[in-house]
1. Give the lysines whose C-alpha is closer than 21 Å to that of A:K333, dropping any in the same chain fewer than 8 places away, or say none.
2. Would you mind classifying chain B by shape? Square roots of the alpha carbon gyration tensor eigenvalues, ordered a ≥ b ≥ c; an a/c under 1.5 is rounded, otherwise it is prolate if a/b is larger than b/c and oblate if not.
3. Where does chain A land at 222 nm, in deg cm²/dmol rounded to the nearest 500, when only DSSP H runs of n ≥ 4 count, each adding -39500 (n - 2.57), divided by all residues?
4. Shape of segment B:64-217 from its Cα gyration tensor (a ≥ b ≥ c, root eigenvalues): rounded if a/c is under 1.5, otherwise prolate when a/b > b/c, or oblate?
5. Using a Cα-Cα cut-off of under 24 Å, which lysines could be cross-linked to A:K177, ignoring same-chain neighbours fewer than 8 residues away?
6. What does the average come to when, for each residue of peptide A:138-149, you count the partner chain Cβ atoms lying within 10 Å of its Cβ?
7. Over chain A, what is the relative contact order in percent, taking alpha-carbon pairs closer than 8 angstrom and at least six residues apart?
8. Can you put A:K115, A:K107 in order, fewest other beta carbons within 10 Å first?
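Just so it is clear, none of the values below were taken in a lab; they were calculated from the coordinates. Please read all numbers here as calculations on a predicted model, not as lab measurements. Methodologically, a virtual Cβ is constructed for each residue, glycine included, from the backbone with ideal geometry; neighbour enumeration extends over all protein chains shown.
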Amino acid sequence: MSAVELNDVVKRYGALEVVHSVNLNVEQGEFVVLVGPSGCGKSTTLRMVAGLEEISGGTVSIGGRLVNRVAPKDRDVAMVFQNYALYPHLNVAENIAFGLRVRREKKDFIDAAVKEAAAILDLTPYLARKPADLSGGQRQRVAMGRAIVRKPQVFLFDEPLSNLDAKLRTQMRAEIKRLHKRMGVTSIYVTHDQIEAMTLADRIVVMNGGRVEQVGTPMELFLKPANAFVASFLGSPPMNLLRATVVSMDGEPKARIDAAGAETAILRLPKTSGTSLRADQRILVGLRPEHVAVGMDASADVQEIAATVDLLEPLGSEALLHTRISGQPIVAKIETPADVETLLQIGRLQIPVGRLHVFDAESGRAVNGHA
Amino acid sequence: MATIIVGYFKRLGEDLRRDWQLYLLMLPMLLWFLLFLYKPMEGLQIAFKDFSPFRGIAGSPWVGLENFRTLLDDQIFIRAFLNTITISGLGLVFAFPLPIVLAIMFNELQSELGRRFSQTIVYLPHFISVVIVAGIVINLLSPTTGVVNLILSSLALDRVYFLTQPEWFRTVFIGSNIWKEAGFESIVYLAAIAGISPTLYESARVDGASRWQMMWRITLPCILPTIIIMLIIRIGNLVEVGFEYIILLYQPATYRTADVVSTYVYRTGLQGTQYDLATAAGLFNAVIAFALVFAANRISRKVSTTSLW
């Protein structure tokens, strides 16, 4: 039995449909991350699970129980909000205890639960402080304390780390992962940050325009994106997508890169894509920046292609090389050589054919995964 | 010490040179304050003089605290002062909490239309002139044609001469004031409620709080700083009761409970031309008001960390 099950869930505001028929099964103890750009419907979907938004269509079940018409308090879920939602007039202990107090639990039980949560989250020294006297990370831990103290069936996280700086976000990410490992509670986590999604999730749900684009493990999504949107959304920097037209399908499929006012180039495509392609089909050829090589010998598996360098961004051990192939931008993520400036002189990039992804330009759907 | 003062003026000079446009914008307000609030304070010296309009302020002889002594020996002034405190105190008890209750009730209304309608209804009386409100009250409570007395007589009860009986004055005054101002005063609290993050309520809903619990545990504590500020301001006005409305409603028969310091000042100063005594009464009031605000602010800062300054 799934811990949380969404069947054809729809959300409408008047005539405007913002979430279209979302289906999702979250298994017991699983950590599922809903990820997508702003306005894609991920928070709305989470809020429907929490009961904070009415469900316009479809069903939501928690622990096998249909909860469409069940009040948030009776769904046995706890939620952590982006802005922490801490009560400014209550101290840390009172904030953590809030959910238990309103449920009229016994004082001894509340005290013990608060102590335990505070110990787990390293909040014991701060129990008497007000939220205003805490750092962002501490506030977020209090918000999590308030959730875990209730021992719910499901944790819901609505972009809980968005208000933190980059360093704290990395720390808190690890803490959330540790917490999930320790407690094993089913969790649904919403974020627009694909790194958070990749690092935290057992499974990722990529959403766009109110629809689920793909569901899978982080590596499945990274290696076999179902469409150009997923391909370009996951990965940093995102996957390069070159507009091209299929010129040959037999034996070794090839495509001509659409030249934006520059000399065109022919690109060999993975053999596995040949059967699914048709002549003159408009496609998007995807290549992850970390798979683009510089200074490698051309071979049957690696093709060399002329490129002009626009910009070099050294990141330390790695560098981002912004180049153009047939006038179209392509970013390469490569190991920084001793003399980084030499990268500006390169005139050719090496592209491993097997690493290429092919998407139909019109529908965006993958024509093949890489070999 | 001298270095500190020199340093201060040096910094001020630098600020003036750098931000002269901002200081220029501030100038009209500063002038207004000086001309209309500080300059008239010059007249306060009348309270310490045997003032005669013919001799002028400068020509009138100083009498020290004589006017204050006269005032404190005057039973009518003492009565007026006690009436002021009583009316304000009753207002504080009954009229102060009502706008808070109203604001919370508006906030709890689910229907947007219902909320707008009821808000308009309770805001409206504020925009009616006190003269008209007094007229309405006099008509409503008229012993012969007033609705209240018609109802009383239809219930076979005795007619009541509300506005001529001292024991009814405060009820009528405070009641009609509440009707006139409670709705409008609720705007401040509604604004404070609007400033509470909706996620606090959402989080509480998920945690299992009922609407009643949310009101007590979230809404009220979150607007407490606003309530305290409004309370301090109200305490500062404890010795001030608007005299227009009193003058419109009271009559010699109700002086016992209706005469307040401002009406006393009006009668003594303007009608009785005892300007020195009236000024002393006004100054006495102002000093007490200042002391009350100061004390309330100090207490509030200690108890709740919220204060006006």
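1. Within reach: A:K224.
2. On the way: a/c = 2.23, a/b = 1.07, b/c = 2.07.
Because a/c hits 1.5 or more and a/b fails to exceed b/c, chain B counts as oblate.
3. Details: 8 runs with 84 residues, N = 371.
Result for chain A, helices only: -7000 deg cm²/dmol.
4. Values: a/c = 2.69, a/b = 1.51, b/c = 1.78.
Taking the square roots of the gyration eigenvalues as a ≥ b ≥ c, segment B:64-217 is oblate.
5. A:K42, A:K115, A:K151, A:K167
6. On the way: counts 0, 0, 0, 0, 0, 1, 0, 0, 3, 3, 0, 1.
For this peptide, the per-residue mean of nearby foreign Cβ atoms is 1.
7. Working: 810 pairs, mean separation 55.3, N = 371.
So the answer I get is 15 percent.
8. By the 10 Å Cβ count, ascending, the order reads A:K107, A:K115.
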